[in-house]
Amino acid sequence: MASSMLSLGSTALLPREINKDKLKLGNSGSNPFLKAKSIGRVTMTVSVKPSRFEGITMAPPDPILGVSEAFKADTDDMKLNLGVGAYRTEELQPYVLNVVKKAENLMLERGDNKEYLPIEGLAAFNKATAELLFGAGHPVIKEQKVATIQGLSGTGSLRLAAALIERYFPGAKVVISSPTWGNHKNIFNDAKVPWSEYRYYDPKTIGLDFEGMIADIKEAPEGSFILLHGCAHNPTGIDPTPEQWVKIADVIQEKNHIPFFDVAYQGFASGSLDEDAASVRLFAERGMEFFVAQSYSKNLGLYAERIGAINVVCSSADAATRVKSQLKRIARPMYSNPPVHGARIVANVVGDATMFSEWKAEMEMMAGRIKTVRQKLYDSLVSKDKSGKDWSFILKQIGMFSFTGLNKAQSDNMTNKWHVYMTKDGRISLAGLSLAKCEYLADAIIDSYHNALLYWETPIEL
Amino acid sequence: MAMSIRNSASRRAMNQISNDFIGLRSMSSWWKSVEPAAKDPILGVTEAFLADHSPDKVNVGVGAYRDDNGKPVVLECVREAERRIAGNAFMEYLPMGGSVKMVEETLKLAYGDDSEFIKDKRVAAVQALSGTGACRLFADFQKRFCPGSQIYIPVPTWSNHHNIWRDAQVPQKTYHYYHPETKGLDFSALMDDVKNAPEGSFFLLHACAHNPTGVDPTEEQWREISQLFKKKRHFAFFDMAYQGFASGDPARDAKSIRIFLEDGHHIGISQSYAKNMGLYGQRVGCLSVLCDNEKQAVAVKSQLQQLGRPMYSNPPLHGAQIVSTILGDQELKSLWLKEVKIMADRIISMRTTLRESLENLGSPLSWEHVTKQIGMFCYSGLTPEQVDRLTREYHIYMTRNGRISMAGVTTGNVGYLANAIHEVTKSA
């Protein structure tokens, strides 16, 4: 698929590809480890036989997490990490929310135990997370139509849903935006769920290709799963308008597709939890059945604790009960039960009125800083770039990320010449940008946009 | 399998379901074909226990340690570690392979503090979601890189082992392990199975404190097993969930692994801190694979990370930090070793008391196995029907295979437990 080339770099090798490759493993029928192959090297005295994992090649670096690793290795003073989407303060330091520190201290004082959570996770967390998403007292919650289980952040929650799809909708496809978060494809690949793409990003406008999106969703076979970003689309930062969301819901209902929301930035996009949940709530109003994966990595800064949830909105409480039981059956052989720490933090924060308000304030602050940085970057670009290029897309985009419109060659220039680390699809994380660095970044972007070809002699990809 | 159809595959049922799927009636549920899943046999026991209102109820179901008051325990060393790390400024994503420090310390426990394999960087290792996550990663790894292979699993084993390799789509075979007549190890049958398995087979071994039986090979038997594995060029994958918890001495509990390493096997190990550090809910563990050389270890590690990325991206931090704080500090580590021994000793003493109580009650059966078996579990030999009676009549909860979690036995309930067991078995 040509379009997938524009999006993130290499994904995980499919098992088939690995087999085809130089690995001498897995030939059908015979056990390759039995072959008496002449290896032409000295066998170590302590080893019994050459390793059966001999032919395993190095996996490609993860296109997103690999960026941070490369950044760490760079010794240049001016280096800037705009790779992974983790919030930074103006001083470019990681930020642990005050409300999180409070919650942890409370938990320590209380002396909570460390017993296994049930497979579905912490009940108080599951309740809180569904209410945050749909609004407390929403009919789907009151009528117990939502199956919610705690998952390992967004990734883990998506994976549970993907496994459910594979098991109960064999052959059904997931249609994902072009581009999308790089790990989406890995998740569906490893879950063996086929996927295809719907048009999303329009490089000409550096905006949404709405017509293309609607057309492609319409064209997907009835009953496909449509992966939607609830807010703050990753990697582009381009969200549909409220009117466009209505039309998206229309066409999904028309084609009897199943919406599948990835909500990784609730509260982080606009600064308001409710506003950022508007798309999801619109679909809930329609009485549709759909999935929502949530993550607290960004909005509560709990990246490392892997806390999220998968919600399946069903048309009946009975269906929700059955679906929940099957989600548990998928989770048990993956990790048995989810980690407790992050779940307790969320439950404590949301469950206490004071802490909840404090959280909302800190979230507004984080989202606010990003908006400020966007503005400064835009202003710097406009004042420095004399070509007349329209940079307003920076202001129209929302959330942690901005799709700069830089192609791979230009992105490479950003890194190789300017020591600005970003993903090759042209995505920068504004969360890693300080006001102080905006001018430097503007210089780098302008240079890369206009001159990269001259430096690196790579053809432009459109 | 996926679309389970309640009626036999009649045309009408098929049409109904395909109509639903195509969605001609837009409000009908997508989930009609989703059956309620059976309750997990182990975790389901605790659920039932919690729902019981009898004041006499005893939970000897799930394997989580309890103190002599029947209360969950958070180790002192863990509390202290938590105090030290609370509110720390670091909550960023761990690298995909997890906490480097935690993994380093964990490998030392399994391979030995001065292991040449660690020095030579031949161990590919990643932090995993406790033992379950480590086994699952290995199963997925096995599927991806040895796609024709099967896994040999002992009978019986922890029930989730079957789920793990099944969901990883690795075919399973079994090997003899538990000998019901002696309530011990069926060593000769085990060796036969090892011998008869095709060369180069993958075997799942419990490093110590076999779950659910508590029956471990002796050191001599481990040596024989290792020699036969050598002859057959089998791959040994060790699930070590109870290091330190079995005998009270972590080095001793790792003996089986050390024997295999000495004999030159390239093994895989799943390690868990759920029991021995009481970090159950934190989900901290480690998967390691011993490779030929550093280069291969780097490649294997990268592939393990690749398997974890679409499952959870990177593993949780908190538990890993607790582990590395404790093991990286001399004092805390000593405290931990003391506390592990206390837990193991309490269990051993409960075994003794339970056995003596049963013998004093005049039980016609032999209860020798209660003290011969080791670790958290005792395979009592009780039948499912006897277990059901224990639950119905005495509000005693255990899994239906007769596995008693000795960690749930206290000086307060051992008499009641012995009496109840005696009652349901005296006419056996």
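Before moving on, here are some points about what is shown:
- Residue within the stretch B:129-144 that is in a loop (DSSP other than H, G, I, E, B) and among the charged types (D, E, K, R) present: no
- Identity of the residue in the stretch B:278-294, more than 9 Å from chain A (Cβ to nearest Cβ) and of a type outside the set (Gly, Ala, Ser), that ends up surrounded by the fewest Cβ atoms within 10 Å (Cβ to Cβ): B:Glu294
- Residue match in the stretch B:193-209 (condition: part of a helix (DSSP H, G or I), under 28 Å from B:Ala64 (Cβ atoms) and not β-branched (Val, Ile, Thr)): no
- Output for the stretch B:244-276, where each listed residue is of a type in the set (A, V, I, L, M, F, W, C), within 14 Å of another protein chain (Cβ to nearest Cβ) and within 23 Å of A:Ala331 (Cα to Cα): B:Ala274
- Residues of the stretch A:166-183 satisfying the condition of being more than 9 Å from every other protein chain (Cβ to nearest Cβ) and buried (at least 20 other Cβ atoms within 10 Å of the Cβ): A:Val174, A:Val175, A:Ile176, A:Ser177, A:Ser178, A:Pro179, A:Thr180, A:Trp181, A:Gly182
- Only one of the listed residues (A:Gly121, A:Gly137, A:Gly171, A:Gly154) is in contact with a strand residue (DSSP E or B) (Cβ under 9 Å, 6 or more places away or on another chain) and not in a helix (DSSP H, G or I). That residue is A:Gly121.
- Test: residue in the stretch A:98-110 that is modelled with pLDDT under 90, over 24 Å from A:Asp443 (Cβ atoms) and surrounded by fewer than 21 Cβ atoms within 10 Å (Cβ to Cβ): no
- Single unsatisfied condition, B:Pro95 versus (1) within 30 Å of B:Tyr175 (Cβ to Cβ); (2) assigned to a loop (DSSP other than H, G, I, E, B); (3) within 12 Å of another protein chain (Cβ to nearest Cβ): (1)
- One residue stands out in the stretch A:395-429 among those that are basic (Lys, Arg) and more than 19 Å from the chain's Cα centre (by Cα): the one that is surrounded by the most Cβ atoms within 10 Å (Cβ to Cβ), namely A:Lys408.
- Residue check for B:Gly375: outside any helix (DSSP H, G or I), surrounded by fewer than 19 Cβ atoms within 10 Å (Cβ to Cβ) and not basic (Lys, Arg): no
- Checking each residue in the stretch B:393-412 for being over 14 Å from B:Val45 (Cβ atoms) and surrounded by fewer than 22 Cβ atoms within 10 Å (Cβ to Cβ) picks out B:Glu393, B:Tyr394, B:Thr410, B:Thr411, B:Gly412.
- Filtered by the rule that a residue be in a loop (DSSP other than H, G, I, E, B), under 16 Å from A:Trp245 (Cβ atoms) and either over 12 Å from the mean Cα position of the chain (by Cα) or hydrophobic (A, V, I, L, M, F, W, C) (or both), the stretch A:216-234 gives A:Cys231, A:Ala232.
- Criterion violated by B:Arg166 - all others in (1) farther than 30 Å from A:Glu305 by Cβ; (2) within 19 Å of the chain's Cα centre (by Cα) satisfied: (1)
- Of the residues making up the stretch B:413-428, those that are modelled with pLDDT of 95 or more and over 14 Å from B:Val370 (Cβ atoms) are B:Asn413, B:Gly415, B:Tyr416, B:Asn419, B:Ala420, B:Glu423, B:Val424.
- Filter pass, B:Ala407 being part of a helix (DSSP H, G or I) and at pLDDT below 95: yes
- Filter result (surrounded by 14 or more Cβ atoms within 10 Å (Cβ to Cβ), touching a helix residue (DSSP H, G or I) at 6+ places or on another chain (Cβ under 9 Å) and closer than 14 Å to B:Tyr152 by Cα) within the stretch B:174-195: B:Thr174, B:Tyr175, B:His176, B:Tyr177, B:Leu190, B:Met191, B:Val194
- Looking across A:Ala409, A:Ala361, one residue alone is in a helix (DSSP H, G or I) and touching an Asp or Glu at 6+ places or on another chain (Cβ under 8 Å). It is A:Ala409.
The values are calculated or read from the model by the stated rules, or taken from the named source; none is laboratory data. The structure presented is a predicted model; accordingly, all values stated were derived computationally and were not measured. Glycine gets a Cβ as well: all are built from the backbone with ideal geometry, and neighbour counts include every protein chain shown.
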